[in-house]
Amino acid sequence: MKIWLLDSGSLVIDQAHITWNLGCGNPVRFPVYSVLIEHDEGLFLFDSGYDLEHVQEVLPFELPEQTPEQTIPAQLALCGFQPSDVGTVVMSHLHFDHVGGNKHLPDARVLIHATEIAQGRNCEPFERLGYSDHTWDHLDANLVPISGDFEVAKGLHLFETPGHTVGHYSLLVTPQSGGAMLFPFDVTYTRDAYERGLQPGFHVDPVAGVRSIQRIKDLAETHGAEIFFTHDMEAWGTYRHAPDFYEV
Ligand SMILES: [Zn+2]
């Protein structure tokens, strides 16, 4: 199994969004990336980054920086693939910075938690910006609603980790060779937040969010997994970026 981390560029938010209520007034630039996995059962993409045009139009205050090389088609090309090679896209959740590349993958089947689909279509008023990119939801989209903990393919496990959003999933990769990899996506944004047990300022259910952080800690311990943090610039600098990859 080969695993690539696809760079989607970066955005800026206030520190208080990264560590709920703490550090207000400090803008922080953070990375956005997705996870491409070549597996015996097909080519899987977990999340798809953000769409530059959408962010420039709807959330320009997040100061997007994304080069043409940091789009999904360009990142796939770096790994030797084209968009039509991706058979399955899995959404951790439907926030704009996780679904922006879906428009380049119109034929893939798209696995999403059933409650997340409902929320994405009819969210709370305070969630509107988060769910502002609706390009995942077109008439011909092959959306596959799922629920509960779910094995996408052998060794690719989704775990329900709500709080940040209602239908948020985390990914645990358990290769036969060992060396488990855990992607908590937006349960916590950074290593610092994770270690301090702090969820993002943006959440729909903070009690569920606390429990989901504990769930990630339990999974990491049980499987001896390395955690890959989603929006942590310092950690991102230590990871392998496409076309470099992890082979497990
Ligand atoms: Zn999010």
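Just so you know, all these numbers are worked out from the coordinates, no wet-lab data involved. None of these values were measured; they are calculated from a predicted model. Glycine also receives a Cβ, built like all others from the backbone with ideal geometry; neighbour counts cover every protein chain displayed.
Counting only Cα atoms, region 186-248 measures 38, 26, 18 Å along its principal axes, largest extent leading. Can you list the lysines whose alpha carbon sits under 29 Å from that of LYS103, skipping same-chain ones fewer than 8 residues off? List returned: LYS2, LYS154. Inter-part distance, region 18-43 to region 171-225, computed on C-alpha centroids, equals 12 Å. When the Debye formula is applied to the Cα atoms of region 60-168, each taken as the same point scatterer, what base-10 log of I(q)/I(0) results at q = 0.11, 0.12, 0.18, 0.20 Å⁻¹? At q = 0.11, 0.12, 0.18, 0.20 Å⁻¹ the computed log10 ratios are -0.38, -0.45, -1.00, -1.18. Just to check, using Stokes-Einstein with a Kirkwood Rh over alpha carbon pairs, what's the diffusion coefficient of the chain at 10 °C and 1.306 mPa s in µm²/s? Rounded to a whole number, D works out at 89 µm²/s.
Under the classification rounded if a/c is under 1.5, otherwise prolate if a/b is larger than b/c and oblate if not, where does region 104-171 fall, given a ≥ b ≥ c as square roots of the Cα gyration tensor eigenvalues? In terms of gyration-tensor shape, oblate.
Restricting the trypsin sites (Lys or Arg not before Pro) of region 91-194 to loop positions (DSSP other than H, G, I, E, B) with no more than 14 neighbouring Cβ atoms within 10 Å leaves ARG128, LYS154.
Taking label positions 7 Å along the Cα-Cβ direction at both ASN142 and ASP14, the computed distance is 4.3 nm, reported to one decimal. Between ASP218, ASP133, ASP97, the GNM of the chain built on Cα springs shorter than 10 angstrom shows ASP218 fluctuating the most.
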